[in-house]
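Enquirer: Structure below; questions to follow.
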Amino acid sequence: MNPYYSILTKAEDTGNLSAGEIKNLLDPPSSKEENELFKAADRVRQYYMGDEIWLRGIIEFSNKCSRNCIYCGLRAQNTKKWRYEMTVDEIVNTSKLIASLEIGTVVLQSGEYRSCPLEKLKTVIKRIKEIDLAITLSIGEYPRDIYRELKQAGADRFLLRHETADPDLYEELHPGYKIKDRINALKILKEEGYEVGCGFMVGLPGQTLDILAKDVLLCKDIEADMVGIGPFIPHPDTILKDEKQGDFQMTLRLLAAIRLVCRDVHLPATTAMATIDEFGREKAWQAGANVVMPTATPKPYRQAYELYPDKKCLEDSVEHCRGCLEMRILSVGRKVGIGQGGSYKKKKK
Ligand code: SAM
Ligand code: SF4
């Protein structure tokens, strides 16, 4: 048998691959094998996750950030940015709009504050919980007691991408920070009872296939409920501005590899994928993905939440995106998930 297909069969049947085998999977000899990779991931997605595609409405409630991740447009040292913070009422009213569109989850995302705006977030969470919405936080690294209080206030899930599994590359991208602390934060979040999402960028300068294979295995080790990946897109106000953007096909292959190895995780077709390929979301849904996260951040804030330039759908309202996404979901023979779409972990063996 073609050696690529024997690894692919093992991946589909068991999900148990070594780093070397994942590396091979990510490097198909031709587009024929690559298509087979996507089809196998699609079958595994169908078996574990069904045909629903879950919508998560994202509110980028603040672009204030005290960190300096060298790839990100929100980094503290980017003084060109107008910094904003939405009020409690603005966040709650936007959440009501999300619920009215039959979207069952709100994702509250922001830069990372020097000290967490704990009381404000607790108020927001409690008020959103009066509406029937699951709450995902994506606000960065904080100590255990902060995560605990936010959980007790009613938060359900937490997204904290590990960004890259390689310790040296992690430190280059995040001066002064270590991957072991990021992984420990993910462990703490799990212990505190959150459904947890990790993930990484594809195409970072200095990233190799060996590192990407480690990334996939780390997602499995963490036993993540969700994994968010997307291409790196250079931002003009960062020192990585002249670097190449991540490759779309490689990002798709990684999505497929994560589906094969991690099995029952929620996997979004990310906005970054849609930004670099017109049909990025559709292609992602056919290579293992089962989630999409339309932006509900109101104007003028959404324009100021610029992680990378030319973000897809920046001018479209969430009402418009809801309709557009439904059409796109139906166009690939799938259906919109109705409800909160929580973790599928261990639902099906
Ligand atoms: N501040 C929180 C954190 O870092 O976990 C949450 C928000 S952060 C902006 C969300 C994600 O955006 C990061 O985890 C990173 O992977 C992604 N991101 C930032 N800059 C990017 C870029 N230039 N290209 C692609 N993705 C980027
Ligand atoms: Fe801040 Fe998150 Fe951007 Fe890093 S990735 S600079 S923590 S917003």
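Enquirer: At what distance in nm do the modelled label points of Glu326 and Asp89 sit from each other, each positioned 7 Å from its Cα along Cα→Cβ?
Expert: With each label point 7 Å from Cα toward Cβ, the separation is 3.0 nm.
Enquirer: Kindly give the semi-axes, whole Å and largest first, of the ellipsoid equivalent to segment 249-303, taking each as the square root of 5 times a Cα gyration tensor eigenvalue.
Expert: Working: eigenvalues 112, 33, 13 Å².
In descending order, the three semi-axes are 24, 13, 8 Å.
Enquirer: Roughly how many nanometres apart are two label points built 7 Å out from the Cα toward the Cβ at Ser6 and Glu130?
Expert: Inter-label distance under the simple model: 6.3 nm.
Enquirer: Output ³J(HN,Hα) for segment 46-63: one whole-Hz value per residue in order, computed from phi by the Karplus curve 6.51 cos²θ - 1.76 cosθ + 1.60 with θ = phi - 60°, and x for Gly and Pro.
Expert: Those phi angles translate into 5, 5, 8, 10, x, 9, 5, 10, 8, 9, 10, x, 9, 10, 8, 7, 7, 10 Hz.
Enquirer: Would you mind calculating the relative contact order of the chain from Cα pairs under 8 angstrom and at least 6 residues apart, reporting the percent as a whole number? Each step should come with its number before you reach the end.
Expert: Details: 666 pairs, mean separation 85.0, N = 349.
Dividing the mean separation by the residue count of the chain yields 24 percent.
Enquirer: If you project the alpha carbons of segment 144-249 onto the principal axes, what extent comes out on each, in Å, largest first?
Expert: 44, 29, 23
Enquirer: When you have a sec, figure out the Kirkwood radius of the chain from all distinct Cα pair distances and drop it here in Å to one decimal? Show your work: numbers first, answer last.
Expert: Numbers: mean 1/r = 0.0494 Å⁻¹.
Mean inverse Cα-Cα distance, inverted, gives 20.2 Å.
Enquirer: So what are the three principal axis dimensions of segment 105-150 from its Cα atoms, in whole Å, longest to shortest?
Expert: Here the Cα extents, ordered largest to smallest, are 30, 16, 16 Å.
Enquirer: Can you tell me how much longer the chain between Thr208 and Lys190 gets when fully stretched, taken as 0.36 nm per residue apart minus their C-alpha distance, in nm with one decimal? Walk me through the intermediate numbers first.
Expert: Numbers: separation 18, 0.36 × 18 = 6.48 nm, distance 2.88 nm.
Here the segment from Thr208 to Lys190 would lengthen by 3.6 nm.
Enquirer: In deg cm²/dmol, rounded to 500, what helix-only [θ] at 222 nm does the chain give when every DSSP H run of at least 4 residues adds -39500 (n - 2.57) and the total is split over its residues?
Expert: Details: 14 runs with 152 residues, N = 349.
Value at 222 nm, helices only: -13000 deg cm²/dmol.
Enquirer: Turning to a different aspect of this structure: Along each of the three principal axes of the Cα atoms of segment 1-76, give the extent in whole Å, ordering the values from largest to smallest.
Expert: If we take the Cα atoms of segment 1-76, the spans are 54, 31, 24 Å.
Enquirer: Moving on. Hey, any idea what % of the chain's accessible area is carbon plus sulfur with a 1.4 Å probe? Please list the in-between numbers first.
Expert: On the way: 7110 of 14130 Å².
The C+S portion of the solvent-accessible surface of the chain is 50 percent.
Enquirer: I've got another one for you. Could you list which residues have their amide H under 5 Å from that of Gly337, counting only those 5 or more apart in sequence or on another chain, with H placed in the peptide plane?
Expert: Counting only residues 5 or more places away or on other chains, the set is Ile53, Trp54, Leu55.
Enquirer: For segment 1-130, what does the accessible surface come to per residue with a 1.4 Å probe? Please give it in Å².
Expert: In whole numbers, segment 1-130 has 44 Å² accessible per residue.
Enquirer: Another question, then. Which log10 I(q)/I(0) values does segment 280-348 give at q = 0.15, 0.19, 0.26 Å⁻¹ under the Debye formula, counting every alpha carbon as one identical point scatterer?
Expert: Debye output, listed in q order: -0.62, -0.92, -1.24.
Enquirer: Mind giving me the FRET efficiency for Ile338 and Ser100? R0 is 22 Å, r the Cβ-Cβ distance, nearest 0.05 is fine. Kindly include the intermediate steps, with their values, before the conclusion.
Expert: Values: r = 14 Å, r/R0 = 0.62.
Efficiency, rounded to the nearest 0.05: 0.95.
Enquirer: Taking every alpha carbon pair in segment 1-146, what does the distance histogram look like in 10 angstrom bins from 0, in percent?
Expert: P(r) over segment 1-146, rounded to whole percents: 10, 26, 19, 23, 18, 3, 0.
The values are calculated or read from the model by the stated rules, or taken from the named source; none is laboratory data. Just so it is clear, the model here is predicted, and its values are computed rather than measured. Positions of Cβ are backbone-derived with ideal geometry, glycine not excepted, and every protein chain shown enters the neighbour counts. These area figures cover heavy atoms from the full protein model, side chains too; ligands, DNA and RNA do not enter into them. Shrake-Rupley method; radii C 1.70, N 1.55, O 1.52, S 1.80 Å.
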